[in-house]
Amino acid sequence: MPSWPVHPIEPDVRVAVVRAMAPLPPALDAEVDRIWAEAQLRMHGKLFNGRVFSADVITPRLICGHWTEFRRIVAQMNRHDLYNLIGARPLAVGGLILGPDGVVFGRRPAGAIYQAGEWQLPPAGSVDPGAAREEGRVDILAQFLTELGEELGMTPDSVSDPRPLCIVEHGGSHVLDLGIAVRTRLTEAEIRAAHAAGGNAEYDPLRIVPVPDLAAFLDQEAASLNHQAPVFLRRLGLLGGYTNRVE
């Protein structure tokens, strides 16, 4: 059973690209290709080998790393032992949307590459070069807002008060989920309408859980709840004395 280390970060944490992606030895590259081809078959050719940010060093105020390729990440997800050879720690942003009717949850598709079928706090997605800025800076809030629009159909002006919370690392695949809490003025009905009009099929269904009901919801869905959600909720002070599987 992999561990789930939690990395503290400051609200003003910076993310920077500081080096180029290193080539893989030929035998390892061939194994990555083999795993990628198998994953493509399972996903009916829907995977795209784009670039994602991989962290080399994590401190509370600065995360340094490089752009890597998604096929390496998929290989590590399928074979955790390859981390010792590939060394990728892909960074993803994850949401915690608090509105007047509660906290937004979404269940991932059963066929997803990562944490399939699990409830999580949307939106969520890898940090890609669309978030790159001058002098190697990476804008994690811009990535979050991109995911917000693509997955939930919500516009940037529908959320406020963004607050980075912490990073939860999957001890097997070494995926890094960076939680960002935001507030929204949208009601449950308005969130659902935005999702229906402009979101994608990343979550089915959505649930908006009132804050007083959070602990009961987490207990009820414990078998299909991702590890990050309780950590992010506690960091925002929404869970009181509730205990979970990570911290």
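Given axes a ≥ b ≥ c from the Cα gyration tensor, I'd like to know whether the stretch 153-212 is rounded (a/c under 1.5), prolate (a/b larger than b/c) or oblate.
Verdict is prolate for the stretch 153-212.
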Exercise for the section: Select from Arg34, Arg71, Arg192 the residue whose mean-square fluctuation is largest in a Gaussian network model of the chain (Cα-Cα springs shorter than 10 Å). Expected result: Arg34
Exercise for the section: Return the long-range amide H neighbours of Cys166 (sequence gap of 5 or more, or a different chain), with a cut-off of under 5 Å between placed amide H atoms. Expected result: Gly179
Problem - Most mobile listed residue (Pro26, Pro122, Pro230) in the chain, GNM with C-alpha springs under 10 Å - result: Pro26
Practice task
For the stretch 21-121, calculate the relative contact order in percent as a whole number, restricting contacts to Cα pairs under 8 Å that are 6 or more residues apart.
Solution key: 20 percent
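Defining a contact as two alpha carbons under 8 Å apart and six or more residues distant in sequence, what relative contact order in percent does the chain show?
24 percent
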Exercise for the section: Tabulate in residue order the Karplus-calculated ³J(HN,Hα) for the stretch 100-117, using 6.51 cos²θ - 1.76 cosθ + 1.60 with θ = phi - 60°, rounded to whole Hz; enter x for Gly and Pro. Expected result: x, 9, x, 9, 7, 10, x, 9, 6, x, 5, x, 5, 5, 10, 6, 4, x
Fill in the blank from the handout: In whole Å, largest first, the alpha carbons of the stretch 184-244 cover along the principal axes 37, 25, 17
Practice task
Rounded to the nearest 500, what is the 222 nm mean residue ellipticity of the chain from helices alone, with -39500 (n - 2.57) per DSSP H run of 4+ residues and division by all residues?
Solution key: -7500 deg cm²/dmol
Problem - Most fluctuating residue given options Glu190, Glu169, Glu150, as computed from a GNM of the chain linking Cα atoms under 10 Å - result: Glu190
Completion exercise
antiparallel share of DSSP beta bridges within the stretch 6-234, to nearest 5, in %, is 70 percent
Handout entry: Rounded to whole Hz, the Karplus (6.51, -1.76, 1.60) HN-Hα couplings of the stretch 44-49, x for glycine and proline
Key = 6, x, 8, 7, 10, 7
Completion exercise
Computed over all unlike Cα pairs, the Kirkwood hydrodynamic radius of the chain in Å stands at 18.5 Å
Problem - Residue-by-residue Karplus 3J(HN,Hα) for the stretch 204-211, coefficients 6.51, -1.76, 1.60, Hz, glycine and proline x - result: 7, x, 8, 9, 10, 9, x, 4
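Rule-based calculations on the coordinates, nothing more; no lab input. Bear in mind that the values here come from a model prediction, so they are computed numbers and not experimental data.
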